[in-house]
Structure formats: structure tokens, C-alpha cells
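Please find one structure pasted underneath; my questions will follow.
Please treat every number below as a calculation from the coordinates, not as lab data. Nothing here was measured: the structure is a model prediction, and the numbers come from that model. Neighbour counts run over all protein chains shown; Cβ positions are idealised from the backbone, glycine included.
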């Protein structure tokens, strides 16, 4: 005869034989006694707690032919009971939902459910792990589950009820199976060990029940494996079989750690790994042992909460009696943070030893001091000392050092004399807000310092100024009309900077600053060029009348509403020794500029229609004179 595992051999056959589920057994037995059979049941709970066994017991109770009606105590020896037990009954159908997940499988089940039972009173469908059904399959089952034929009962079993549709749960009687308590499980395992003549001591048997974590099938399987070892079976055999670190070794390791003995810690860790323990398993078991130490310190009378034998539990209570809770909490936190490193490294033994040395009380004390909270004076921002308000209209750099922004190359590099920039004119006094200019300037500096990205910060620093702010609305002036449209796309960034500085939402509006009105007419550039090109060493020449001139084709300037005044060049120095160098530099720059546009410097005749005067040339350039062409603006 084939070998029968213990968890099959000792499967409960009646409701009274269910271990640790007294409430569920009583409810189902009373329902059978009162003939109140529900059309659908839902059994939920962890693995190995009796869900499938309860479904088979219910099926036998409904169909036992030893009596002419359903009974909570099936005989177990009639043809129907034996066929349901061995799975050969035609009217007892067990379906694995993991391999029958689709709508077609459920449709076939529904069609078969319409036929009457062959040899039993009730046709029982057991859908195991029903959470694996698809949503469409669940929906297809709804109507049949709510109103099945009178002789059909559905039993759904699952370990994950959260994945079952609420509409399915509402149509079933739900029973929640709990993990098997420790003492009933130990009593059941002792009964099995006595019947099977397994020589195992009480300490090892309790450890088997604790390691299984409330799953009776896991405990029976582990006991079945232990029965193959040489008797008597002790607790160390259980630890070796499950692959965990023995509790005595963990206790020795913790004692070495709490005694602040680094050499002893490394010796114990090395012995554990030499005996085949994986570094990650050692780390995880040690983290669990620290949890058991916390329970021993805070709830020493709750031995049922831990998987520790009584002698070791007594030593743990003695060990932590005079120990600070902070040391255990810091140690557990250190183990939790080091688990990822040990799991992913290529040198787990090395990092395990480093982690264990980090658990020494002296090391944890240093870490606790290092992570002590800083005083509020170092955390909260301190107000900046008052500074003098910057001049109105001139943008100031932000207080924090910002990365340098690349500036365009100087016009002088292309042969064009640089044009001095003029600061934007201040807004009219009527447009200023009630607060003084100092407050507005300081607030604007703080806003610029927090502006992101850096391009927006540079744009507002060079072209923007704060005109008005009342706590809700801020008006920002832009000094350049061509850049106004670009600035409008950055309004959200400016509002975000205001909110970061003030802690409240501010509405920002932009406007173009009015054009500056020059007090005197700007001198023409031809005056400067004439003075330079007409230089004669001695005597100094008389400057010709001021007239507009065209020297060479120049790139079209930016369209602005204001005329940028050009200051006249400084007067010629008294010493004539420096002027020839200036003239030669200017000539070379003009020629380079003309060569850049594939042109040449020519003399232009007077043309009243164009308003162009003749540019005096040096005698050396007279031979290069070309006839004028009034039909084009710039001669080449």
C-alpha cells in the first residue's frame, strides 16, 4: 500500500474533529440540524486551517445515507461518505480555480449544475482558491450563485478574500478561519506522535508548533519529516531541519553583543557560518530574536507570543531585565537597514560581520548621539540683518550665489564699437505701491533668489523690477518690450517663487516700463567716425559738420520703442601720439566688418533723397572710390 502522509491520514472527518475552529464547527452543525442549508458558503483563512476539510465534511453531512436527512455527524463508512473522502463521488465536484479561471469553465459548471444529482441528495461544488477566477468568470457565476437549483450547494474557499468581488461575498455565508492556537496544536501533534510512535520530546514538539505559525498542515508535514530522524528528537534537530539558526546560538550571539565584546561576536558569527548558516538567514533570525527580547522585557508573561523554548525564555528575561529598551530598538533598526545590503552584496559574510559590530552598545551609543535632534535655532531660518535698500530701478543680484549665465559676445568682437547700455528708467511715482521702495526691493531680491530655472532668474534679475505688492497681487515691470512676451511665459515660475518666499499664493501681473525720455538729443555716430578718419598729425583738423553717414552695412538692431542715446567719444588727447593707433584700429575694424558681409568700404556721394552726406576718406583710400547707386540703400 502506498505511503499516506500524516496531513492526509489525520485529516478531520467530522466537525467535532476540527482543531481550533470551534465557532465555525458549531455554526455549521446547528445549520445542518435545523435544515437551514445556504445555497453558497465562503471559507476564508490562512493555509492549513481546515477550509477544504470543512467543505468535505459539509458535503458528507449533506449526503450521508446512514440517515434520511442531513446530519452534523456523518458515519464515514457508507458508500457516499467513502466516495466523497476518496474523491470518486459523481455529485461532489472539486474545482481548482487556478486552472479553471475563464468564463467558459464557469459556463460549463453552470450548465452541469442544472441536472439533478446522480446518487446523492445534494450536488456540491467546491471551488478552491476562488480568488484566482477572473472578473468575468465571477460575474458569470453571480446569478447561479444567488439562486442555484434547490439541490445544489456551492462552497468557495480562498486564502485571499480581498481579491473576491464584493458581489460574490454578499451572496455567500462567509466563515473566517483563524490560525490554530498553540496549545490545541501541541495537543493534536502529541496525539499523532503517540499513534505513530514518534519519539519526540515536548520541547521539540512545542517548537514544531511555533515554527508552523498556526498552520496545522505545516506542523503535520514537519512532524512527518522529523519522524525519519534517529530518536529521540530534540529541539536542535528541529532548528537544523527548518534551516534556521538555533535559539541557543542566537542567545550566545546576543550575549556577546550586549557585553560589548567584538572578538566574541566575530567568533560566534564565524562558527555559525562555518556550520552552513547563510549570512542573510543569520541576520533575519537575529532580527526576530531582537523582537523576542523586546517582548521578554515588556511582556514577560506572554510566552505564547514567541517561538522560544521555556529554558531559553527564562534566560532572555534575565538578560533584558537591566537593559535599556533604546539599545534593543536601535539594534533592530540597524538590522533592518542592513538587510538590503547583505541581500544584494557579493560579500555577505563581510557585511554580516560589519553589521554585527555595529550592534555593539558602544557603537549604538555613538550613533544615538550623532542622530540627536539639533536645536531649533539651527533648524529654523534666522531673519537676515537689515540692509540698505538698493537704488530704485537697478536690478540687484540675489543674496545666494547663482551659477554664472553665459552672456552674448561683445559687439566689438565683430568689428562694431560697443554701445553703452542705459539702465531702465524708474516707473512714475503715481504707479508705486504704498509700501516704501526699500521693502519692495528687498522682497524682489528674495523672490529672485528662489526663482527657478536659472534662465528665468537671470531674465528677472536683468529686466524685471517689483512695482507694486499688497499681499495678494504683485505687479512686475519689464524694462524691455521685446522680452515682455518671453517674461509672460514665466509668470507661473514667478508666482511659485513668491509662494515659496511668503508661504501664500500671490497673483503676478507683468507690464512694460515706460520708455525713458532723454533730456538732450543724442549725438550722431558719424561725428565720432569723422573725427577719427579725418585725423591729421599736425595741426589738429577742424571737425566737419555733423551729418548722418553710412559707413558699412550693419545688422538690423532689435526693434525697441526707445532710442538708445550714444554718448560722444571722449575728446582727443593733447598728445597726438595715441590718435594714429585709434584711427588704425577703427579702420581695421570697419574693414573686417565689411569683409564679414562680403562687401567693401566705399565713398557715397551726396543724395538729397536719401539724406546721406559724403564721408571724408583719407588720401590713401581715394583710389578705391566707386560711383554711387541711389537705387540701393547700402553699397557693396
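On a C-alpha basis, how far is the centre of region 147-167 from the centre of region 224-253 in Å? Whole number, if you could?
Centre-to-centre distance over Cα atoms comes out at 41 Å.
Rounded to whole Å and sorted largest first, list the principal axis extents of the Cα atoms in region 243-367.
Largest first, region 243-367 extends 42, 35, 24 Å along its Cα principal axes.
May I ask for the distance between the Cα centers of region 62-81 and region 317-352, given as a whole number of Å?
Between the Cα centres of region 62-81 and region 317-352 lies a distance of 57 Å.
Further question on the same structure: Which stretch or stretches of region 54-96 have amide N atoms under 20 Å from the point lying 7 Å from residue 110's Cα along the Cα→Cβ direction?
Of the residues in region 54-96, 93-96 have backbone N under 20 Å from the label point off residue 110.
Take the Cβ-Cβ distance between residue 34 and residue 450 as r, set R0 to 60 Å, and report the resulting FRET efficiency rounded to the nearest 0.05.
After rounding to 0.05, the efficiency reads 0.20.
Right, here's the next one. Over the Cα atoms, compute the radius of gyration (one decimal) and Dmax (the largest Cα-Cα distance, rounded to a whole number) for region 52-180, in Å.
14.6, 41
Something else: Just need the relative contact order of region 134-271 here, percent rounded to a whole number, with Cα pairs under 8 Å and 6+ apart.
Worked out over region 134-271, it gives 17 percent.
Treat region 126-218 as a sphere of radius equal to its Kirkwood radius over Cα pairs and apply Stokes-Einstein at 4 °C in a medium of 1.567 mPa s; give the translational diffusion coefficient in µm²/s, rounded to a whole number.
So the translational diffusion coefficient is about 80 µm²/s.
At a threshold of 8 angstrom on Cα-Cα distance, excluding pairs fewer than six apart, so keeping six or more, what relative contact order does region 243-367 reach in percent?
35
Treating region 1-115 as a set of equal point scatterers at the Cα positions, no solvent, please give the Debye-formula log₁₀ I(q)/I(0) at q = 0.16, 0.20 Å⁻¹.
-0.87, -1.28
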